[in-house]
Amino acid sequence: MPKLHLVYNYLDDYSDLTIPFIVGLVLALFVFATLSYYFKKENLITHIFELLGGDEAWNGALFGSFFIGGIFFLIGGLIIPNFLNLRKVYTNHQLTFITGKVTDFDPMPYTGHANEFFKVKNVPFQFSDYETGIGGYHNAASHGGVFKEGLYVRIGYYHTSDRNLILTLETQ
């Protein structure tokens, strides 16, 4: 058996939280701007609101805050529970491990719009660089990922209803 080194560990990956984090920052900015305008604090933000909307700026600020808040809760509600569930699966040692060579490797094209497929001992895996919020390793070979035909790997994965999510990855 070749010596393996750790390439991916789900506990070190926070990329699924990037979108909720950015939306949360924008929401915080909008709430701050709305409150600043509402209380008529003299600052750059209130001047920008007045330039953009005049007397109607308050309505736009209020609408923007609710709209971005709704998006934040929608995205966060979809992504964060899955993120926490996979961390629980990992820490409770509910992973299945498989060791062997990558076979039937079908890479994702550089332009995307397809998944990368492969098997290890007839256990299928698939992912795409463009999927967010699903969790697990998803770095396609066409964008710098490690998988290739014949690569010796040890994968810790969790089976969901439609795929096997890679939560740990060791390669030769």
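For segment 132-159, filtered to residues that are in a loop (DSSP other than H, G, I, E, B) and more than 22 Å from the chain's Cα centre (by Cα), the residue that is surrounded by the fewest Cβ atoms within 10 Å (Cβ to Cβ) is G150. No other residue among D129, D162 is acidic (D, E), exposed (fewer than 14 other Cβ atoms within 10 Å of the Cβ) and farther than 30 Å from T34 by Cβ apart from D162.
Take the conditions free of Cβ contacts under 8 Å to residues at least 60 places away in the same chain and touching a strand residue (DSSP E or B) at 6+ places or on another chain (Cβ under 6 Å) and apply them to E170. Does it pass?
no
The set of residues in segment 88-99 that are surrounded by fewer than 15 Cβ atoms within 10 Å (Cβ to Cβ) and either on the phi > 0 side of the Ramachandran plot or of a type outside the set (F, W, Y) (or both) comprises K88, T91, N92, H93, Q94, T96, T99. With respect to the conditions (1) farther than 26 Å from H138 by Cβ; (2) modelled with pLDDT of 75 or more; (3) among the aromatic types (F, W, Y), Y10 lacks only one, and its number is (1).
Only one of these conditions is not met by G144: (1) under 13 Å from V7 (Cα atoms); (2) touching a Phe, Trp or Tyr at 6+ places or on another chain (Cβ under 9 Å). Which number is it? Failed condition: (2). Please tell me if F21 is at pLDDT 65 or above and more than 27 Å from E131 (Cα to Cα). Spelling it out, it is not the case that F21 is at pLDDT 65 or above and more than 27 Å from E131 (Cα to Cα).
The values are calculated or read from the model by the stated rules, or taken from the named source; none is laboratory data. Remember, predicted model here, so these are calculated numbers, not experimental data. All Cβ positions, glycine included, derive from the backbone under ideal geometry; neighbour counts span all protein chains shown.
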